[in-house]
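Engineer: Next up is a structure, given as structure tokens.
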Amino acid sequence: MQQQITQHYTHVHGHKIAYREQGEGSPIILIHGIPTNSLMWREVMPQLATQHRVIAPDLLNYGLSDKPATADVSIAAQCRMIVQLMDALGLRRADVVAHDIGGGVAQLIAVQYPEKVRKLVLLDSICFDSWPIPEFEPLQQPGAEADMSLNDFITMLRKFMPDGVHNKAVMTDEVIEMYLKPWSSEVGKRAFFRNLRRLNKEYTQAIADELPNMVQPTLVMWGDKDPFQKPEYAHKLSAAIPAAELIWIENAGHWLVEEKPDEITAHIKRFLG
């Protein structure tokens with residue numbers, strides 16, 4: 001009988017980090033993006049957990065992890081946090097599967113801590129100058145947070161989530177509420193705006209020249225209808241990483257894990273071996 005997904009907490013640099021875990025075997029770290037959390041992997045984890053120890057953290061300032069008022073929550077800081085989380089969990093090395101800004105975090109880990117990553121899977125990942133997306137740029141401006149009530153903020157997010165899928169039917173009210181729950185308070189709203197203010201393409205541009213030196217086998221997967229991370233970046237990213245494999249997920253948008261979880265998991269399992 002397969003183990004259930006269990007919820008855990010540990011502390012990294014004094015901050016409580018939440019993570020979900022399932023299975024035994026060689027480890028896989030699953031890294032979400034914005035504005036999602038570890039629950040985005042809920043249909044992927046049980047399939048991978050038949051052969052692996054699967055760990056899906058909530059990034060700092062996301063999900064059930066701490067939302068400190070002053071901590072650095074850039075992708076550079078999240079990179080350090082994931083590496084420290086691996087150390088805390090006794091993981092010398094792991095496969096890393098990452099989506100959206102989590103893909104930026106994963107690229108930084110692969111470049112800066114290559115010994116930590118066995119194989120890398122990047123799903124509709126930020127890269128180069130592909131981010132922040134235009135939809136977020138007005139929210140990064142001074143005063144944007146103060147000018148938006150909590151109700152207006154939640155309404156905006158509720159309308160935004162279906163824009164990221166090709167098949168609108170998968171973005172049900174239940175799924176939207178699952179993703180909105182961590183943001184649905186004044187504390188959550190402030191945390192979200194702190195995350196927005198730290199979205200900075202300089203981090204991925206700074207490692208662009210180092211991608212050709214990456215040693216990890218890499219799989220790039222992309223929804224061919226992604227409106228946020230444009231498909232041309234899939235070509236650019238896979239061309240920059242030596243011998244990277246590129247797979248298109250047809251008729252899928254940015255939150256492709258919501259639309260095609262079984263197809264995506266099958267590709268991940270084959271690639272990881």
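What follows is calculated from the coordinates using simple rules that are stated; it is not laboratory data. Predicted model, so just to flag it, every value in this text is computed and none were measured. Using ideal geometry, Cβ is built from the backbone for each residue, glycine included, and neighbour counts are taken over all protein chains shown.
Engineer: Could you line up Met221, Met161, Met86 from fewest to most neighbouring Cβ atoms inside 10 Å?
Structural biologist: Listing Met221, Met161, Met86 from fewest to most nearby Cβ atoms yields Met161, Met86, Met221.
Engineer: Gaussian network model of the chain, Cα springs within a sub-10 Å range: biggest mean-square fluctuation belongs to which of Leu237, Leu85, Leu139?
Structural biologist: For the chain, modelled as a Gaussian network with Cα springs under 10 Å, the answer is Leu139.
Engineer: Sorted from largest down, what three extents in whole angstroms do the Cα atoms of segment 1-106 have along their principal axes?
Structural biologist: 43, 26, 21
Engineer: If Lys and Arg each add +1 and Asp and Glu each add -1, what is the summed charge of the other residues whose beta carbon sits under 15 Å from the beta carbon of His235?
Structural biologist: -4
Engineer: If Lys and Arg each add +1 and Asp and Glu each add -1, what is the summed charge of the other residues whose beta carbon sits under 15 Å from the beta carbon of Met81?
Structural biologist: Once all neighbours under 15 Å are counted, the net charge is +2.
Engineer: When the chain is treated as a GNM, springs tying every alpha-carbon pair under 10 Å, which of Leu89, Leu60, Leu123 comes out with the largest mean-square fluctuation?
Structural biologist: Per the Cα network of the chain with a 10 Å cutoff, Leu89 tops the list.
Engineer: Continuing with the same structure: Taking neighbour counts of Cβ atoms within 10 Å as a proxy for exposure, in what order, fewest first, do Cys127, Cys79 appear?
Structural biologist: Going from sparsest to densest Cβ surroundings: Cys79, Cys127.
Engineer: Can you compute the equivalent ellipsoid semi-axes for segment 1-54, i.e. the square root of 5 times each eigenvalue of the Cα gyration tensor, sorted largest first and rounded to whole Å?
Structural biologist: Those come to 20, 14, 10 Å.
Engineer: Still on this structure, I have one more. So what does log10 I(q)/I(0) come out to for segment 45-186 at q = 0.10 Å⁻¹, using the Debye formula with one equal point on every Cα and no solvent?
Structural biologist: -0.42
Engineer: Ok, one more. Around Ala94, under 13 Å between beta carbons, what's the net of Lys plus Arg minus Asp minus Glu among the other residues?
Structural biologist: The answer is +2.
Engineer: Using r as the Cβ-Cβ distance of Arg270 and Gln3, and R0 as 25 Å, what FRET efficiency do you calculate, to the nearest 0.05?
Structural biologist: 0.65
Engineer: Moving on to the next point. Which of Lys116/Lys159; Lys201/Lys225; Lys119/Lys236; Lys67/Lys116; Lys16/Lys168; Lys16/Lys181 have a Cα-Cα distance over 30 Å?
Structural biologist: Lys116/Lys159; Lys16/Lys168
Engineer: Let me ask something additional. Could you check the spin-label model distance between Glu186 and Tyr113? Points 7 Å from the Cα along Cα→Cβ, value in nm.
Structural biologist: Result for the modelled spin labels: 3.6 nm.
Engineer: Ok, one more. Could you give the Stokes-Einstein D for segment 119-255 in µm² per second, using the C-alpha Kirkwood radius, 4 °C, 1.567 mPa s?
Structural biologist: Result for D is 78 µm²/s.
Engineer: Reported to two decimal places, what Rg/Rh ratio describes segment 117-199 when computed on Cα atoms with Rh from the Kirkwood expression?
Structural biologist: Taking Rg over the Kirkwood Rh, I get 1.00.
Engineer: Please name which of Asn61, Gly223, Met148 has its Cα lying farthest along the dipole of the chain towards the positive end, using unit charges on Cβ (Lys, Arg +1; Asp, Glu -1) and the Cα centre as origin.
Structural biologist: So the residue we want is Asn61.
Engineer: Would you mind getting me the FRET efficiency between Asn251 and Arg42? Use the beta-carbon distance for r and R0 = 25 Å, nearest 0.05.
Structural biologist: Rounded to the nearest 0.05, the efficiency is 0.70.
Engineer: Once you have all Cα-Cα distances for segment 205-269, histogram them in 10 Å bins from zero and send the whole-percent values.
Structural biologist: P(r) over segment 205-269, rounded to whole percents: 21, 47, 29, 2.
Engineer: Rounded to the nearest 20 debye, what is the charge dipole size of the chain about its Cα centre when +1 sits on each Lys and Arg Cβ and -1 on each Asp and Glu Cβ?
Structural biologist: 660
Engineer: Let me ask another. May I ask for the percentage of alpha-carbon pairs in the chain that lie more than 36 Å from each other?
Structural biologist: 7
Engineer: So how strong a dipole does segment 204-251 carry about its Cα centre when Lys and Arg Cβ are +1 and Asp and Glu Cβ are -1, to the nearest 20 debye?
Structural biologist: Using Cβ point charges on Lys, Arg, Asp and Glu, segment 204-251 gives about 60 debye.
Engineer: May I pose another question? About the Cα centre of segment 1-155, what is the dipole size in debye to 20, counting +1 per Lys and Arg Cβ and -1 per Asp and Glu Cβ, all else neutral?
Structural biologist: 800
Engineer: Toward the positive end of the charge dipole of the chain, about the Cα centre and with charges on Cβ (Lys, Arg +1; Asp, Glu -1), which of Ala49, Gly104, Ile247 goes farthest?
Structural biologist: Ala49
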